[in-house]
Amino acid sequence: MKDDKVLYSIRNLQFRYSQNPVLRVERLEIERGKIYVFLGPNGSGKTTLFKILNCLLYPVKGEVLFMGDPLKQSSDIRDKTVYVHQNPLLLSGSVMYNVAYGLKLRRVPVEERKKIVSKTLSDTGLSGFEYKKSTRLSSGEVQRVAIARALAVQPEVLLLDEPVSNIDSENILKIEETLLQIKEKYRCTVLICTHNLPFAYRICDELIHLENGEIGETAENILKGRVIKQEEQFIYFKSGELTLICS
């Protein structure tokens, strides 16, 4: 019997490159509508796991179920998941053209496409960027446009590989706001791998540690909240009734 709450269910997953084992996951379940952050050093298996979850790679052993069906037999997974790389590439042209591109490939009618793009840009804090050229964007703005482009096709799952790496603090905060909006407005499950621990704690529901290809303890994040004020040296962070000051 399928559990509608569980999006991914993993059992005894193994993956290796040539003869080198890089991933061994005995058990992992990912629930709908949550933000999961995967932490771990380089080479811990985070990116490999994400590629498996998006059917870019297949495990050599074990079982991965997506919405109750084996991953290889889930023909519509590519329509339900979007993977945003650490250094996303935008097409030459405007922001609007980039965000609309996935809709165009899906043959969404032009007028409907315009409405979706307008709403997506508004929801991601990019209103006013419609006609800005992709070549004139900062690295943080490129990442935000890539997230908007992914969101426009209304995926069930959004996978982000190091979305705030080498990005200025202003755009990091805007990405945080966007991800929290995605969760609330779109009911989208967001999976993130990152090295940025403060960013992780500010937004995630569940924190998963990966090391040497294996998953450590999964922890619920009880200090999730939002940034309410930022100064040169300090960030004021609101979590429930608590206000935390982080340097």
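All of the numbers you see were taken from the coordinates with simple rules; none came from a lab. Everything numeric here is computed off the predicted structure, so don't read it as measured data. Note: ideal-geometry Cβ built from the backbone for every residue, glycine included; neighbour counts use all protein chains shown.
Structure data summary
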item: Qualifying residue in the range 73-95 (condition: outside any loop (DSSP other than H, G, I, E, B), touching a Cys at 6+ places or on another chain (Cβ under 9 Å) and either polar (S, T, N, Q) or in contact (Cβ under 8 Å) with a residue 60 or more places away in the chain (or both)); result: yes
item: The listed residue being in contact with a strand residue (DSSP E or B) (Cβ under 9 Å, 6 or more places away or on another chain) and of a type in the set (D, E, K, R), out of Glu156, Glu141; result: Glu156
item: Test: residue in the range 46-66 that is over 17 Å from the mean Cα position of the chain (by Cα), touching a residue at least 60 places away in the same chain (Cβ under 8 Å) and either in a loop (DSSP other than H, G, I, E, B) or buried (at least 20 other Cβ atoms within 10 Å of the Cβ) (or both); result: no
item: Test: residue in the range 43-58 that is among the aliphatic types (A, V, I, L, M) and over 17 Å from Glu214 (Cα atoms); result: yes
item: Count of the range 1-36 residues which are farther than 11 Å from Leu210 by Cβ, in a strand (DSSP E or B) and either among the aliphatic types (A, V, I, L, M) or touching a helix residue (DSSP H, G or I) at 6+ places or on another chain (Cβ under 7 Å) (or both); result: 8
item: Residue count, the range 11-61 (criterion: hydrophobic (A, V, I, L, M, F, W, C) and in contact with a Gly (Cβ under 7 Å, 6 or more places away or on another chain)); result: 3
